[in-house]
Amino acid sequence: MEIILAKTAGFCFGVKRALELVDQALADTGTPIYSLGPLIHNPAVVAELETRGLKPVETLRGIGAGRVVIRSHGVGPSVIAMAQAQHLTLIDATCPFVKNVQELALTLDREGYQVVIVGEREHAEVKGVLDAVKGAAIVIEDPDEVDRELVAPKVGIVSQTTQESAAFNRVVGAIVPYAKECRIFNTICLATARRQQEAAELSRQVERMIVVGGKNSANTRHLAQICRSGGTLTYQVEDAAELQTGWFAGVSRIGVTAGASTPDAQIFSVVEKINLLGGNDVVSENSAKPNEPVEIAAELTEESFNYDWPEDRFQELVPGQIIEAKVILVRDDAAFVDIGGKSDLTIPLAELAAEPGESAKQLVEVGDVIKVVVTKTGDEEKIRLSKRLYDLEKIWLDLAEVQKQGGVVEGTVTAMVKGGLSVMVKGVRAFMPASQSGLGQVNLKALVGSTFNVNVLELDQAKHRLLVTRRALLEAQRKQAEAEFFSRVTEGERQTGVVTRLTDFGAFIDLGGGVEGLLHVSEMSWRRVKSPRDLLKEGDTVEVLIIKADPETRRISLSLKQIQAHPWDEAAQKFAEGQVCPGTVVKLESFGAFVNLAPSLDGLVHISQIADKRIAKPDEVLKVDDQVTVKIIKIDTANRKISLSMKQVVQDQSEQQVTQFIEGQDAAPVSQSLGDLLKDEKELDEK
Ligand code: SF4
């Protein structure tokens, strides 16, 4: 009798993980450890763990201090809350595939879908998913339970991870005709799907099937059902003692498989017993064809699971090898991938992309086929994969192509470093020399955090050396902007620009796209400006007047003062013609004296208007800083000129005196002579 043992028989990834966590916890004997329900659906394993200190309990009620293991089936938030309220320490062994179902159900519920769980109402995993959506889901195990009256317009379907795939497809098939909108997530885990596929294949090649596993194990029961549904006589046993000689009478080929919670020892004791009952050496190869592409069942048909699994590839891997991997589950901190081996492998977030991301969910999706580099080989748990390294390899190739073609690539300045800038280009750190970071003098600090296009200047992947530049790009942009500028600019128009550079003779203003004009210091203000830095600083935005734009020389002259009010105009408004006012002599010329009346407001006293006698030069009667009284003869606003007279002040005074005299004579006694009056006047003057 030939015995064929299914390759996938035995512990799955989730069960192994739960057992490892419990092993670690049992090493610490500090506080009691409980498991909420049997840790796995295998009485022998549960009994063995109990002897080591793991006590199964049905409820948390009544448990004092201690630790509680959440099984791979998971629990809902109400159980977690209860454990926290009782100050129990949680050891969470929930299988990531189960967590995924809970998250999907919650999302569907929040998005307004009627959640349907295809599975067993009393199964711990299904209860946990129900709890996750606060009971707002319908559990359906059989298509006959689908009541068209109950089907909501929007239905979201998930599956118990260990559900029989054909049963899942049947329930979905019964729901779909009644739902207006239906979202279906086949959440049967990969371990289950493979075991079912292999059991179906194997059962077709043998006369008897033995399925080893706990009677309370859903996935073991489903394996037995699958084998039976193909017409093969199938027995489910928990251990070798249940095997009966009569089962094997006249049988030449027998298949053995086991549920995901069956330890190897139990499987081999069963195989050994079959040998004793007349079997030959175990044939460990089954019907799977090697090197077939791995496909996850995506379409919901009976045929979906009729694919062949390739040979175990783990032992064939070599460091540095590039392989394809299919993403089967994504959490924030990692992605689980299938490369066609016995188990799924984990790629941590840091190894998922060249550029860091906050969550693996932003980087890959379930169903993606990604290329990865094998970085470590060995036993299953030692294998390490990196998508980051594969991406980097591709990025270097892309960058080499960019350099060859003279193309551009986007870079982000991350820091100012000695001699230039550190720039992140597609996840590769590059260096941009200061001289290549802009046109003219560049404020490197101001560029940190900016993103812009760069050219590849130098590249050496072996040395991880990447030099980039933006100078040529800026130069080309500037030329184009200049051509556009000169084609539309008119002298006398106003423009807004940014101060890029200050010198002793003025400021350079960027008018857009790198087109620069000069604002000369003499054009900065109507008042005297000692240094351009007294008025402006780099980065300032200013409105300027284009006073000259020469397309031949490409020179642009700007003025700031010409769009500001002239101080002469402001000051002149306070004065009027005929007004007599004080002033200070500020300058003497051969033709007259300049007298300052107010800040920025000087008037001219022509030489003919300085005195009421003829003088050859103003300095005969005046010197700089003399305080004088002047009369405003004329205000010429158009030419910003004021004509003053000192002579008229004196003449006006004399006229006033004569007027006063005449008015006084009318009132004086008749006996007073003109000689007396003139004498009195002289005395008054002397006083
Ligand atoms: S059968 Fe699947 S879902 Fe369940 S514990 Fe194993 S790997 Fe996880």
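The values are calculated or read from the model by the stated rules, or taken from the named source; none is laboratory data. Note that the structure is a prediction, hence the values are computed from the model and not measured. Cβ placement follows ideal geometry from the backbone for every residue including glycine, while neighbour counts extend to all protein chains displayed. Remember, those area values only see protein heavy atoms, side chains included, never the ligands or the DNA or RNA. Shrake-Rupley method; radii C 1.70, N 1.55, O 1.52, S 1.80 Å.
Taking the numbered list (1) out of contact with any Lys or Arg (no Cβ under 9 Å at 6 or more places or on another chain); (2) assigned to a strand (DSSP E or B) in turn, ALA616 passes all entries but (2). Looking across region 247-268, the residues that are under 55 Å from the mean Cα position of the chain (by Cα), touching a residue at least 12 places away in the same chain (Cβ under 8 Å) and over 17 Å from GLN205 (Cβ atoms) come down to ALA258, GLY259, ALA260, SER261, THR262, PRO263, ASP264, GLN266, ILE267. Considering region 419-459, the residues that are in contact (Cβ under 8 Å) with a residue 40 or more places away in the chain and small (Gly, Ala, Ser) include one that is least open to solvent (accessible area, probe 1.4 Å), namely GLY427. Evaluate the following for VAL211: is it in contact with a Gly (Cβ under 6 Å, 6 or more places away or on another chain) and of a type outside the set (Lys, Arg)? No. Scanning region 198-227 for residues that are free of Cβ contacts under 8 Å to residues at least 60 places away in the same chain, of a type in the set (A, V, I, L, M) and either out of contact with any helix residue (DSSP H, G or I) (no Cβ under 6 Å at 6 or more places or on another chain) or closer than 16 Å to THR161 by Cα (or both) yields LEU223, ALA224. Among the residues of region 51-99, not one is hydroxyl-bearing (Ser, Thr, Tyr), touching a His at 6+ places or on another chain (Cβ under 9 Å) and open to solvent by 40 Å² or more (accessible area, probe 1.4 Å). Close Cβ contacts (under 6 Å, 6 or more residues apart or on different chains) running from residues in region 178-194 that are open to solvent by 40 Å² or more (accessible area, probe 1.4 Å) to residues that are assigned to a loop (DSSP other than H, G, I, E, B) and more than 16 Å from the ligand (Cβ to nearest atom) comprise TYR178/ARG148; TYR178/VAL151; LYS180/PRO153.
Among residues that are open to solvent by 10 Å² or more (accessible area, probe 1.4 Å), within 16 Å of the ligand (Cβ to nearest atom), in a helix (DSSP H, G or I) and basic (Lys, Arg), ARG170 is not included. When ALA18 is tested against the conditions (1) more than 12 Å from the ligand (Cβ to nearest atom); (2) touching a strand residue (DSSP E or B) at 6+ places or on another chain (Cβ under 9 Å); (3) open to solvent by less than 20 Å² (accessible area, probe 1.4 Å), the lone failure is (1). Here is the figure for region 430-473: residues that are part of a helix (DSSP H, G or I), aliphatic (A, V, I, L, M) and at pLDDT 90 or above total 3. The helices (runs of 4 or more DSSP H) found wholly in region 64-158 and carrying at least 3 residues that are more than 16 Å from the ligand (Cβ to nearest atom) occupy 77-85, 96-110. The residues of region 21-46 that are out of contact with any Pro (no Cβ under 7 Å at 6 or more places or on another chain), in a loop (DSSP other than H, G, I, E, B), open to solvent by 20 Å² or more (accessible area, probe 1.4 Å) and not charged (D, E, K, R), listed by number, are THR29, GLY30, THR31, PRO32, HIS41.
Matching residues to (1) among the hydrophobic types (A, V, I, L, M, F, W, C); (2) under 30 Å from LYS394 (Cβ atoms); (3) surrounded by 19 or more Cβ atoms within 10 Å (Cβ to Cβ); (4) touching an Asp or Glu at 6+ places or on another chain (Cβ under 9 Å):
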| site | (1), (2), (3), (4) |
| --- | --- |
| VAL417 | yes, yes, no, no |
| LEU466 | yes, yes, yes, yes |
| GLN477 | no, yes, no, no |
| THR490 | no, no, no, no |
| GLU493 | no, no, no, no |
| ARG501 | no, no, no, yes |
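Taking strands (runs of 3 or more DSSP E) as the structural unit, those lying wholly within region 178-278 and holding at least 2 residues that are over 16 Å from THR8 (Cβ atoms) and away from the ligand (no atom under 16 Å from the Cβ) correspond to 181-184, 233-237, 253-258.
Among the residues of region 21-60, those that are within 16 Å of the ligand (Cβ to nearest atom) and within 42 Å of the chain's Cα centre (by Cα) comprise LEU21, VAL22, SER35, LEU36, LEU39, ILE40. Scanning region 535-568 for residues that are open to solvent by 40 Å² or more (accessible area, probe 1.4 Å), under 41 Å from the mean Cα position of the chain (by Cα) and not polar (S, T, N, Q) turns up LEU535, LYS537, GLU538, GLY539, GLU543.
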